[in-house]
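Trainee: Mind having a look at this structure? Questions to follow.
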Amino acid sequence: MALFGIRKRRSSRAIPLRPASPFWSALAEPLANRSVWLRAGMCLVALAVLVICLEAWRPPFPYRIGDFADHGIVARVDFRRIDWFATDRARSAAEAATPHVFRNDPTPLDVLPAKLRANLRELAEAKSLGDVSSTTRIAFGLTQESRGGPANPKGVALNDEFSALRRILGDRPGLAGNRIDEIAGEFANFIAPLKNRGLADVNEFTLNKIERDQSLAIITGSGSTPQQIVFPADVQLSELLKPTGTLGKAWANYPLLNANRRLFERWLVSQPAVTLSYDGAATLAARHEALDKTPKVTREYRRNTVLVPSREIIDDERLALLKAEHDELNSRLSAGRKALRVVTVAAMLLILTLLIGVYLHHNERRIITNAGRLFVYLTICVSTIVLGRILSMDPWRAELVPVTVAVMVLAIVYGHELAILSAVALALVLTPSTIGTVGELVLLIAVSVTAVAPLGRIASRSRLVKIGFQTAAACFLISAGFDFLAGEPVSGPWLDQNVFMRSARAAGWCLVAGYLVAGSLPFIEQGFGVVTNISLLEMSDISHPLLRELVRLAPGTYNHSIAVATIGETAAERIGANGLLVRVGAYYHDVGKMLKPHYFIENVTEGNESRHQHLAPAMSTLIIIGHVKDGVDLAMQYNLPRPLVDFIEQHHGTTLVEYFYREATRLADRQPDYKAGVEESSFRYPGPKPQTREAGVLMLADAVESASRSLSDPTPKRIESLIHDITMNRLLDGQFDECALTLSEIHVIEESLAKSLIGIYHARIKYPEQRTA
């Protein structure tokens, strides 16, 4: 094994063993750190928000429309429920019983006696019927058109009626005047009852859809209190003049009017004496008041009453009944019982938080040690639970959407393991706070695992959509399977349409989740600082402005980057790392060299002198090291993703610029005064060291590709020896201490790099007459 071919002592890196610290001393050290208290406080706040949002003091309502009650549901307590059907019927009756409001203005009736007096005086002064005006004749019905009317039977001549009326008035002028006053006085008394009730237009009843059996509230003046409650027949003149009406019965009390009843009745009917007007606003207000005063009709249910029969589906009415029983049960919980529920839920959430915290401490320290990342993770979990609980209600039943979206985002950002662990935790919290069934718990976990397992590296957005379809299919089968197990194969819910609809709806929400993640992928990448293969493929395009500038200003560096990308991608894939990320990172890792390209050997053409020959080693080192900072600045300027910026910062780690350090040491040996300025730390890159396996692969690929160009005769043996020396140098220098590369993976990388470089530098057949280049 090449990696262990040479044994070297590393006594300089050894540290003396110290006795283990006592438990309390080890505990006191993190407690003295303010950032620890900050992160712990964030977790406690998240737990408090969950306790409040989950309403931990009351049991959740577990029933939904369309659920199958295999064994039926009975009432656990005595309760009363509002019977909305009976209540609506009572309200409708109260509304129908509310009288329509009419405003009474008796002014038109006040002028009728004077008008009658004037018409009678005209008749008394006339010698014949022809001397009477047409208006007066029409009013009394003394026209040819009125001969066939009900008040003017056939055979009665117009002149006869005129003569009869003249006899009532008297022949002498003085007697006629007194008689007219007497008739007008009787008429005033005759219509006096109408002033209190009023007269209505029949068309008003038709227009406002007022039936004969509906009551009317008569209000005189601008008040709001009705003076009388009557019916339409009581305010219609035609009904009042009938023999059974109020006016029809009163004729006998007035002899002068009764002597020629038909004429005076015609005259009264011909007068526009409508005094009632419909008040729609007051009527509407009265109806609203009647509706508000109508008490709700309640129905009492005793304990153990069957609310949902066995093997029945919960519909809207049954769900409302179950909700009333649930509310009554919650109202009977004592304060101590509620406090116990809160403590229990908080304790369960705390245990779950501690378990996840232990996992994060051992496997995802980047989250638990960074307050910002921890805040984002807690926000995702809390918002998922809150949204899931809200969306689990009817008619949505869409708790799958936030859970599936959350676990897919976590898988993209942090990996599969944390995503699946979070999915289990979310399901364990969300299920008891919603439906609380084992089937729901299994469905949430299974759908989450199905969505996360095939996620892998996202090469296209259609991949997310395909995962959405796979998740939808699994969701449909699992949901329908649990419904099938809830009843018998023949008479159970398997053949029921509700089963298909519920399963299809759940599958549809899985598709929605897939499309949501696919559409929001750019925002996920930007918000969390991650890159997917989609973005990496876009960044690898040679038409990217930064790569075009690199080709134009530093073509040698660009060719070096291409070679590093080729061998680095292969090595990364050999150890299961992200080869595409290494390839794209290699394209951009040396972009800082384009600002001073001629200070780097790959950009110096043959025959030109190196500019470092006229510079001190320390200054040359500053220029060489500066390409890292310049590259980071360019990456920020061109908005490169954070992982690519990390490659630029970490591809040299804290390695030593050996050539110029040795040159400075040589000069110091010649000039004793110069020796004090040669410090190894001044000739090292600022770092940081590689933090990921991909960054470690890129460091080795960059180093061996550059060094291989210095080989005059790149035979396979020399290439393997060179790669091994560089690898051991980086390993012993501690450059891989902060990444997850293992010794076996480093050995695999070493073999892959050697194989790739041997293939690049392999000897070719010399053809006849071929000159050596």
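Trainee: With an 8 Å cut-off on Cα pairs and a minimum separation of 6 or more residues, tell me the relative contact order of the chain in percent. Write down the numbers at each step before the final one.
Mentor: Values: 950 pairs, mean separation 98.3, N = 773.
Rounded, it is 13 percent for the chain.
Trainee: What do you get when you divide the Cα radius of gyration of region 263-311 by 2.2 N^0.38 Å, with N the number of residues?
Mentor: 2.76
Trainee: Another question about this same structure. Might you tell me the accessible area per residue for the chain, computed with a 1.4 Å probe and given in Å²?
Mentor: 53 Å²
Trainee: Report the Cα centroid-to-centroid distance between region 526-548 and region 189-229 in angstrom, as an integer.
Mentor: Each part reduced to its Cα centre gives a spacing of 83 Å.
Trainee: Does region 206-255 come out rounded, prolate or oblate, given a ≥ b ≥ c as the square roots of the eigenvalues of its C-alpha gyration tensor, rounded meaning a/c under 1.5 and, failing that, prolate meaning a/b above b/c?
Mentor: Working: a/c = 3.03, a/b = 1.53, b/c = 1.97.
Oblate shape, in that a/c is at least 1.5 and b/c is the bigger or equal ratio.
Trainee: Under the Karplus relation 6.51 cos²θ - 1.76 cosθ + 1.60, θ = phi - 60°, what is the ordered set of whole-Hz ³J(HN,Hα) values for region 328-341, x standing for Gly and Pro?
Mentor: Each residue of region 328-341 in turn: 5, 5, 5, 5, 8, 5, 6, 4, x, 5, 5, 4, 5, 5 Hz.
Trainee: While we're looking at this one, here's another question. Of the accessible area of region 196-238, with the probe set at 1.4 angstrom, what percent is carbon plus sulfur?
Mentor: 49 percent
Trainee: Would you grab the residues whose amide H sits under 5 Å from the one on Arg76? Only those 5+ places off in sequence or on another chain, please, with H modelled 1.01 Å from N.
Mentor: Sorted by chain and number, the residues that satisfy this are Asn304.
Trainee: Separate question: On alpha-carbon atoms, Rg over Rh for region 496-541 using Kirkwood Rh?
Mentor: With Rh from the inverse mean 1/r over Cα pairs, Rg/Rh is 1.30.
Trainee: Can you give the FRET efficiency to the nearest 0.05 for Ser520 and Phe500, using r as the Cβ-Cβ distance and R₀ = 41 Å?
Mentor: On the way: r = 30 Å, r/R0 = 0.74.
Rounded to the nearest 0.05, the efficiency is 0.85.
Trainee: Further question on the same structure: Can you tell me the order of 630-643, 703-716 when each peptide is scored by its average per-residue count of other Cβ atoms within 10 angstrom, highest first?
Mentor: Working: 630-643: 17.1, 703-716: 15.5.
Taking the mean over residues of other Cβ atoms within 10 Å, the ranking is 630-643, 703-716.
Trainee: Considering only protein heavy atoms and a probe of 1.4 Å, how much of the accessible area of region 518-631 is carbon and sulfur, as a whole percent?
Mentor: Carbon and sulfur atoms account for 55 percent of the accessible area of region 518-631.
Trainee: Using the alpha carbons of region 526-587, what is the convex hull volume per residue in cubic angstrom, as a whole number?
Mentor: Details: hull volume 4.9 nm³, N = 62.
Considering the Cα atoms of region 526-587, their hull volume per residue is 79 Å³.
Trainee: Hey, could you pull the Cα Rg and Dmax for the chain, both in Å?
Mentor: My reading of the Cα-based Rg and Dmax gives 50.1, 164 Å.
Trainee: Checking the a/c ratio against 1.5 first, then a/b against b/c, what shape does the Cα gyration tensor give for region 331-472?
Mentor: Oblate is the answer for region 331-472, as a/c is 1.5 or above yet b/c matches or exceeds a/b.
Trainee: Express in Å², to the nearest 10, the accessible area of Glu55 obtained by rolling a 1.4 Å probe over the protein heavy atoms while all chains stay in place.
Mentor: Solvent-accessible area, nearest 10 Å²: 60 Å².
Trainee: Can you list the residues, at least 5 places off or on another chain, whose amide H is less than 5 Å from the amide H of Thr220, using H built in the peptide plane?
Mentor: Asn104, Gln227
Trainee: Separate question: List every residue whose amide H lies under 5 Å from the amide H of Lys242, counting only residues 5 or more places away in sequence or on a different chain, with H placed 1.01 Å from N in the peptide plane.
Mentor: Result for Lys242 returns Gly248.
Trainee: Quick one: compute the contact order of region 420-537, relative version, from alpha carbon pairs under 8 angstrom and 6+ residues apart, as a percent. Display every interim value, and only then the final one.
Mentor: Working: 107 pairs, mean separation 32.2, N = 118.
Relative contact order for region 420-537 comes out at 27 percent.
Trainee: Here's a follow-up. Considering every pair of different Cα atoms, what Kirkwood radius, in Å, is found for region 68-112?
Mentor: 16.2 Å
Trainee: If we sort 405-411, 528-534 on the protection proxy, mean other Cβ atoms within 10 Å, highest first, what's the order?
Mentor: The packing order, highest mean first, is 405-411, 528-534.
Trainee: Just from the alpha-carbon atoms, what are the Rg and Dmax of region 164-288 in angstroms?
Mentor: Computed over the Cα atoms of region 164-288, radius of gyration and Dmax are 17.7, 63 Å.
Trainee: Could you compute the FRET efficiency for Thr379 and Val551, with r as their C-beta to C-beta distance and R0 at 41 Å, rounded to 0.05?
Mentor: FRET efficiency, Thr379 to Val551: 0.45.
Trainee: Just check region 616-739 against the gyration tensor rule for me: Cα atoms, a ≥ b ≥ c as the square roots of the eigenvalues, rounded for a/c under 1.5, and otherwise prolate or oblate depending on whether a/b exceeds b/c.
Mentor: It is oblate, given that a/c is not under 1.5 and a/b is not larger than b/c.
The values are calculated or read from the model by the stated rules, or taken from the named source; none is laboratory data. Keep in mind that what you see is a predicted model, and the values were worked out from it rather than measured. Because the Cβ atoms are built from the backbone with ideal geometry, glycine has one as well, and the counts that use them run over all protein chains shown. Please note that ligands, DNA and RNA were not included when accessible areas were found on the heavy atoms of the full protein model with its side chains. Shrake-Rupley method; radii C 1.70, N 1.55, O 1.52, S 1.80 Å.
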